[in-house]
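Take a look at the structure below.
Since every read-out is calculated from the coordinates, none of them should be taken as a lab result. Since we're looking at a predicted model, the values are computed, not measured. Please note: Cβ atoms are built from the backbone with ideal geometry, for glycine as well, and neighbour counts cover all protein chains shown.
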């Protein structure tokens, strides 16, 4: 009897097994495999490892489920082709990310493999070499593992991309989860309020947080900063002339030059408020 080892396969990481296999794309994938088994088409063999008398699948989790599905629907499958995977735990883990026969890994699922290999004592360069990616790719993946579980779940549910989630996490920390949730809630509300023509078409469309260039609050221009500096220097020289009144307040007399500088500063600030907000290419926001 071929078994699945709990938590070995990184596909569906951070989701329950039930949720992962309930995804439409996974159900469709298994359905196609089951139909292929029914037709006796060629399907890549299951890769297994015998551990303490147990035959554990190492590559082919969806194929194993497809076989069971086909049998439940009347297919007579008494034998399936299997191959044993040699090597230790690291070699078996590496197979998850290097095999071309299984369902594609998400960015985060691949990152879990990086983390597991690192736990086996592999350095970034060795991981990159064996997986066939850059060292920067490995480092980014390892950084994703530092994100909160809830954020990883949003990624796995395809509600935000892994790379954008990492950017938000870098900028907002754990608050990135709420930033994404708030935007998803707004999108859901907008979709429900849309109504009318095209509403049914969009009903099943999954909302997703994406990245775009966004305007920031107006920033002070270099001119405003320069005017502020000049005005403050001029005003500071007049502060010594402040006179205390009988009411406990102070009366400050400023020179005509200082008054002109302050007026110029006021105009500069007003022009900034009226101008179009400056776009910052490094500003992240949500669609």
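A few comments on the model shown:
- Peptides 52-60, 109-117, 16-24, 163-171 ordered by average Cβ neighbours within 10 Å, highest first: 109-117, 163-171, 52-60, 16-24
- Protection-proxy order for peptides 74-81, 135-142, 261-268, each taking the mean of Cβ atoms within 10 Å per residue, highest first: 135-142, 261-268, 74-81
- With neighbour counts taken as other beta-carbon atoms within 10 Å, the residues 144, 228, 1 rank, fewest first, as 1, 228, 144.
- Simple spin-label estimate for residue 263 and residue 25 in nanometres, 7 Å along Cα-Cβ: 6.5
- Stretchable slack from residue 188 to residue 36, in nm (0.36 nm times residue separation minus alpha-carbon distance): 50.9 nm
- Placing a label point 7 Å from the Cα of residue 1 along the Cα-to-Cβ direction, the residues of segment 47-79 whose backbone N falls under 13 Å from that point are 54-56.
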